[in-house]
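S.K.: Here it is: the structure, laid out below.
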Amino acid sequence: MKQVSGGVTAPKGFRASGVHCGVKKNNSDKKDLALIVSQQACTAAAVYTMNRVKAAPLYVTMDHLENGEAQAIVANSGNANACAPNSHEHAEAMCALAARATGLKPGDFVVASTGVIGQELNLAAIERGLPAAAAALSEQGSDDAARAIMTTDTVKKELAVTCTLGGKIVTIGAIAKGSGMIHPNMGTMLCFVTTDCAITHELLQDALHEIVPRTFNRVTVDGDTSTNDMCVVLANGMAGNELLEWKDEGYTVFAKALHFVLEQLARAIAADGEGAGRLITCTVHHARSEESAERLAKSVVGSSLVKAAMFGADANWGRVLCAMGYSKAPFRPEYVDVKFSSEVGEVLVCRQGSGVDFDEALAKSILSQDEVVIDVNLNEGEQQATCWGCDLTYDYVKINGDYRT
């Protein structure tokens, strides 16, 4: 596996674009409309938010993907088109307008929106912008598309890798957005993945369902699961590899590459949490089961008190055990060891459920780095899980206090 440039346009046969059309009235120049188009029809798979309240674009996309195929994606930022007047009609209209601009059919499109909930979508702006977005489609357009789906994100999230299947080079590319309203079981995040791999719909869907729970569903920023989350993969088969139909060696290679892409984007979303100063990684190992390890790690990175301690670079390890204790996962507190680590070193702060003497200055230095690892050893089994979050800063409240206005 090799990391390459190009994002969603790195795989053969994909073009993308991102333009400003004016969905968000108070932002005069931000790109807010993205297109991703394949040269030919694709096998498609998707997962969606677990929130009972789902935005209209998700339902439209579900309908369009019933046959396991799609050829393009249209997405806007600045408005979620959720719980808003005419939301379903507007989601369908986005597909129809995108189809008219590109020469495809409305049913060929995945449609997505992200932004403020409850406000009517400015469809006229999208109608004006789509011809320009179609005209701008290019094999270098991933960067523009990645920027067009950003809301409170401070950095674009884009990645591509190659792997070899049966002597053929297969490429997987992706863009994502996500910064706030992020919680396990998908968050306010969109992820669009493209690949030139030849793979059946059933196998692609299986891969996505196997990988998302171990990547995006292990991220939390603020405990809120959004109405608009989706992760979609389009596979056009243009790499020329033998069709992946079984979970054989070729599938294992493909799934490993897809897992790498989604895990790196999950980490990027956690690191870019609204107002965040640092990425928090929690690994719980030597657990009785992967499920219990995941539940414990999620509880730690999701704890407001742990997140606040990380913001202050305070080695308050008692908050880690406290968060584990209310996770409802089974473990024996008297067996637990806890370490904090980062690129400058590591420090043991708890052994067998009790505090130990440690160098406070060293701990402060360790917790002041861009990524902090909370290492929890349960000393009970052979399973482990890693989850990602971020610190809780003053800026999180500032950003969300006036997000709508």
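S.K.: In the list 276, 313, which residue meets the criterion of being at pLDDT below 95, farther than 30 Å from residue 205 by Cα and buried (at least 22 other Cβ atoms within 10 Å of the Cβ)?
M.R.: Working: 313 fails: buried (at least 22 other Cβ atoms within 10 Å of the Cβ).
Of 276, 313, the one residue that is at pLDDT below 95, farther than 30 Å from residue 205 by Cα and buried (at least 22 other Cβ atoms within 10 Å of the Cβ) is 276.
S.K.: Turning to a different aspect of this structure: Let me confirm something: among 20, 90, which residue is touching a residue at least 12 places away in the same chain (Cβ under 8 Å), touching a strand residue (DSSP E or B) at 6+ places or on another chain (Cβ under 8 Å) and closer than 17 Å to residue 128 by Cβ? Steps first, answer last, please.
M.R.: Numbers: 90 fails: touching a strand residue (DSSP E or B) at 6+ places or on another chain (Cβ under 8 Å).
Matching residue, one of 20, 90: 20.
S.K.: Restricting attention to segment 279-293, which residues are at pLDDT 95 or above, surrounded by 21 or more Cβ atoms within 10 Å (Cβ to Cβ) and touching a helix residue (DSSP H, G or I) at 6+ places or on another chain (Cβ under 7 Å)?
M.R.: 282, 284, 287
S.K.: Take the residues in segment 1-31 that are among the aliphatic types (A, V, I, L, M) and buried (at least 20 other Cβ atoms within 10 Å of the Cβ), then tell me which one is farthest from residue 139 (Cα to Cα). Lay out the reasoning, then the answer.
M.R.: We begin by selecting, within segment 1-31, every residue among the aliphatic types (A, V, I, L, M); these are 1, 4, 8, 10, 16, 19, 23.
Imposing the further condition that a residue be buried (at least 20 other Cβ atoms within 10 Å of the Cβ) reduces the set to 8, 10, 16, 19, 23.
On the way: 8: 9, 10: 8, 16: 7, 19: 15, 23: 25 Å.
Checked segment 1-31; the qualifying residue farthest from residue 139 (Cα to Cα) is 23.
S.K.: Scan segment 273-283 and tell me whether some residue there is outside any helix (DSSP H, G or I), outside the structural domain of residue 7 (by TED's automatic domain parsing) and in contact with a Leu (Cβ under 7 Å, 6 or more places away or on another chain).
M.R.: no
S.K.: Give me the pairs, please: first residue somewhere in segment 353-373 and at positive phi, second residue anywhere and crowded, with 16+ Cβ neighbours inside 10 Å and modelled with pLDDT of 95 or more, beta-carbon distance under 6 Å, and either six or more positions apart or on two chains.
M.R.: From segment 353-373, the pairs are 353/336.
S.K.: Being part of a helix (DSSP H, G or I) and under 17 Å from residue 230 (Cβ atoms) is the filter here; which residues of segment 108-146 pass it?
M.R.: If we filter segment 108-146 for residues that are part of a helix (DSSP H, G or I), which is where we start, we get 108, 123-135, 142-146.
Correct list: 108, 145, 146.
To keep it simple, each residue is scored yes or no on (1) under 21 Å from the mean Cα position of the chain (by Cα); (2) assigned to a helix (DSSP H, G or I); (3) at positive phi; (4) in the same structural domain as residue 117 (by TED's automatic domain parsing).
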position: 62; (1), (2), (3), (4): yes, yes, no, yes
position: 74; (1), (2), (3), (4): yes, no, no, yes
position: 78; (1), (2), (3), (4): yes, no, yes, yes
position: 81; (1), (2), (3), (4): yes, no, yes, yes
position: 85; (1), (2), (3), (4): no, no, no, yes
position: 91; (1), (2), (3), (4): no, yes, no, yes
position: 94; (1), (2), (3), (4): no, yes, no, yes
position: 97; (1), (2), (3), (4): no, yes, no, yes
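S.K.: Would you point out which residue out of 261, 301 is modelled with pLDDT of 95 or more and among the β-branched types (Val, Ile, Thr)? Even if it seems obvious, please write down each step before you answer.
M.R.: Details: 301 fails: modelled with pLDDT of 95 or more.
Result of the check over 261, 301: 261.
S.K.: Taking segment 33-63, which residues are in contact with a helix residue (DSSP H, G or I) (Cβ under 6 Å, 6 or more places away or on another chain) and closer than 18 Å to residue 114 by Cβ?
M.R.: Listed by number, the residues that qualify are 33, 34, 35, 36, 47, 48, 56, 57, 60.
S.K.: Does segment 21-30 contain at least one residue that is of a type outside the set (Gly, Ala, Ser) and under 21 Å from residue 103 (Cα atoms)?
M.R.: Within segment 21-30 (the criterion being of a type outside the set (Gly, Ala, Ser) and under 21 Å from residue 103 (Cα atoms)), the answer is yes, since at least one residue qualifies.
S.K.: Follow-up question, since we're still on this one. Would you please list the contacts, defined by Cβ atoms under 7 Å and residues six or more apart or on different chains, that run from a residue in segment 212-230 that is on the phi > 0 side of the Ramachandran plot to a residue that is at pLDDT below 70?
M.R.: Listed pairs, sorted by first residue: 223/183.
S.K.: Here are the criteria: (1) surrounded by fewer than 18 Cβ atoms within 10 Å (Cβ to Cβ); (2) over 19 Å from the mean Cα position of the chain (by Cα); (3) at pLDDT 95 or above. Tell me which single one residue 42 does not satisfy.
M.R.: Of the numbered conditions (1) surrounded by fewer than 18 Cβ atoms within 10 Å (Cβ to Cβ); (2) over 19 Å from the mean Cα position of the chain (by Cα); (3) at pLDDT 95 or above, the odd one out for residue 42 is (1).
S.K.: Still on this model: Tally the residues that are among the polar types (S, T, N, Q) and outside any strand (DSSP E or B), restricting the search to segment 1-51.
M.R.: 7
S.K.: Follow-up question, since we're still on this one. Considering only segment 47-86, state which residues are surrounded by fewer than 24 Cβ atoms within 10 Å (Cβ to Cβ) and small (Gly, Ala, Ser).
M.R.: Residues satisfying the conditions are 68, 84.
S.K.: Residue 317 is checked against (1) hydrophobic (A, V, I, L, M, F, W, C); (2) over 22 Å from residue 359 (Cα atoms); (3) in contact with a Phe, Trp or Tyr (Cβ under 9 Å, 6 or more places away or on another chain) and fails just one. What number does that condition carry?
M.R.: Among (1) hydrophobic (A, V, I, L, M, F, W, C); (2) over 22 Å from residue 359 (Cα atoms); (3) in contact with a Phe, Trp or Tyr (Cβ under 9 Å, 6 or more places away or on another chain), the lone unmet condition for residue 317 is (2).
S.K.: Out of segment 59-84, which residues are modelled with pLDDT under 95 and either touching a Phe, Trp or Tyr at 6+ places or on another chain (Cβ under 6 Å) or not hydroxyl-bearing (Ser, Thr, Tyr) (or both)?
M.R.: Those that are modelled with pLDDT under 95 and either touching a Phe, Trp or Tyr at 6+ places or on another chain (Cβ under 6 Å) or not hydroxyl-bearing (Ser, Thr, Tyr) (or both): 78, 79, 80, 81, 82, 83, 84.
The values are calculated or read from the model by the stated rules, or taken from the named source; none is laboratory data. For clarity, every value in this text was computed on a predicted model and none was experimentally measured. Cβ sites come from the backbone with ideal geometry, for glycine too, and all protein chains shown count toward neighbours.
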